[in-house]
Amino acid sequence: MKNFRFYVPTVICFGKDQLASLAKVRESGEKVLLCYGGGSIKKNGIYDKAVAILKEAGVEVFELSGIAPNPRIDSVRAGVEICRSEGINSVLAIGGGSTIDCAKIVAAGACYDGDAWDLVLDGSKIKAALPVYSVLTLSATGSEMDAFAVISDMGKNEKWGTGGDLLKPRLSVLDPTYTYTVSKKQTAAGTADMMSHTFENYFHREKGGYLQDRFAEALLKTMIKYGPVALAEPENYEARANLMWASSHAINGLISAGVQDAWCVHPMEHELSAFYDITHGEGLAILTPVWMEHVLSEETAPKFAEYARNVWDVREEDDMKAAKLGIEKTREFFFETMGLPANLRAVGITEQDNFDIMAKKAAAGCVGSYVPLSADDIVEIFKAAF
Ligand code: NZQ
Ligand code: ZN
């Protein structure tokens, strides 16, 4: 196991009726910038409750609304402008990963003497940030408990992840009932996203990370058990709660500590989102089984067999056969059980003109991944996923 530093400063207030803990925002100062998306938090009533709690605590609330899925740098810039002109003390995101990610870069951009896009391109430039708070409404990205943010400039077809300890939320409210209104499409995409985070950490080269691998398998089993339940019964508390807690742990460092290699399916998916503005989790679901098949070899078969046996209870002694059965189970789960789109055409990608340029950009992010991928490998994967 490699040496590691594990640092998660986020206070998690998990369960029903935890919103009152937002009064803590007052400790960071009188003025908060409340960030949210297209209005789901107004429909389900969280907005009214949160604003009332903040006002009661003596906090003045400013707003940045309309944050889009695959959040845009333009929204970040608008938020930074409000922070500067109003002397904002902290940033509160209420929403899914897009809202939280946008809020994180607003918080850092407000303390940066320059354009916030610099911070997206180079996380080492994040030297200060306003305190970030979050109320999670969609289980998927883990942004509520991690150091990362992913921001897009659609005009340039660019989508990049950045990160830093200062972006980790101070406090996050995780109330599973807030995810009852998440659509079937987003529930399925969120499940695929959290599974992909787990895969990115699970398929690694480090020997001796036995505990991390068992943690990862437990997370995958939880997602596989409860994803379909949440689809069939959106208000099943047990399912929503297990998915919510599993999604946070898939990316908060618990399963990557001591074993981490570079990720590879995410860099490929980010190119799909950057060029075609698709839903992140759907892109991951489409690419994952194709990637698994592409990197399966005599050398990697034992690891894929371990996955098949420990996660899917495959009973097959031959490693290659077991590995193939595990990949087949993954495919069935995504495309049949969870009803996710099975190929790129199903999410509206009807031409292959950009595959070469997308693959070149993605290849840079795959350096040092479980099985290194060249731009040619990635073009093959995109074509097989088409
Ligand atoms: O905008 P509103 O009206 O809130 O609607 C959202 C949005 O349309 C809706 N939604 C959220 N909570 C809801 C709800 N609808 C009904 N009821 C609720 N309770 O869901 C839609 C999608 O929301 P979004 O925030 O875009 O989804 P998600 O959480 O999947 O975030 C995706 C973004 O996060 C990035 C992705 O690349 C993508 O940009 N990622 C962030 C990561 C991180 N910070 O660590 C890692 C991930 O790998 C990922 O890349
Ligand atoms: Zn993801």
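Of the candidates D319, D261, the single residue that is open to solvent by less than 60 Å² (accessible area, probe 1.4 Å), free of Cβ contacts under 8 Å to residues at least 24 places away in the same chain and of a type in the set (D, E) is D319. Selection of segment 202-220 for residues being within 16 Å of ligand 2 (Cβ to nearest atom), closer than 16 Å to N252 by Cα and either open to solvent by 50 Å² or more (accessible area, probe 1.4 Å) or touching a residue at least 60 places away in the same chain (Cβ under 8 Å) (or both) yields Y202, L220.
For segment 310-348, filtering for residues that are within 20 Å of the chain's Cα centre (by Cα) and either at pLDDT below 95 or closer than 29 Å to Y210 by Cα (or both) leaves 3.
Among residues of segment 98-142 being small (G, A, S) and in contact (Cβ under 8 Å) with a residue 60 or more places away in the chain, the one that is most open to solvent (accessible area, probe 1.4 Å) is S98.
Among the numbered conditions (1) of a type in the set (K, R); (2) more than 16 Å from ligand 1 (Cβ to nearest atom); (3) touching a Leu at 6+ places or on another chain (Cβ under 9 Å), the only one that K49 does not meet is (2). Residues of segment 45-54 that are in contact (Cβ under 8 Å) with a residue 40 or more places away in the chain and either among the aromatic types (F, W, Y) or open to solvent by 50 Å² or more (accessible area, probe 1.4 Å) (or both): Y47 alone. Only residues that are in contact (Cβ under 8 Å) with a residue 40 or more places away in the chain and open to solvent by 30 Å² or more (accessible area, probe 1.4 Å) were counted across segment 55-76, and they come to 2. Here G15 meets each of (1) more than 30 Å from A274 (Cβ to Cβ); (2) touching a Cys at 6+ places or on another chain (Cβ under 8 Å) with one exception, condition (2). Scanning segment 77-85 finds no residues that are modelled with pLDDT of 95 or more, more than 16 Å from ligand 1 (Cβ to nearest atom) and not in a helix (DSSP H, G or I).
The values are calculated or read from the model by the stated rules, or taken from the named source; none is laboratory data. A quick note: this is a predicted structure, and the numbers were derived from the prediction, not measured. Don't worry about glycine lacking a Cβ; one is built from the backbone with ideal geometry, like all the others, and counts go over all protein chains shown. Please note that ligands, DNA and RNA were not included when accessible areas were found on the heavy atoms of the full protein model with its side chains. Shrake-Rupley method; radii C 1.70, N 1.55, O 1.52, S 1.80 Å.
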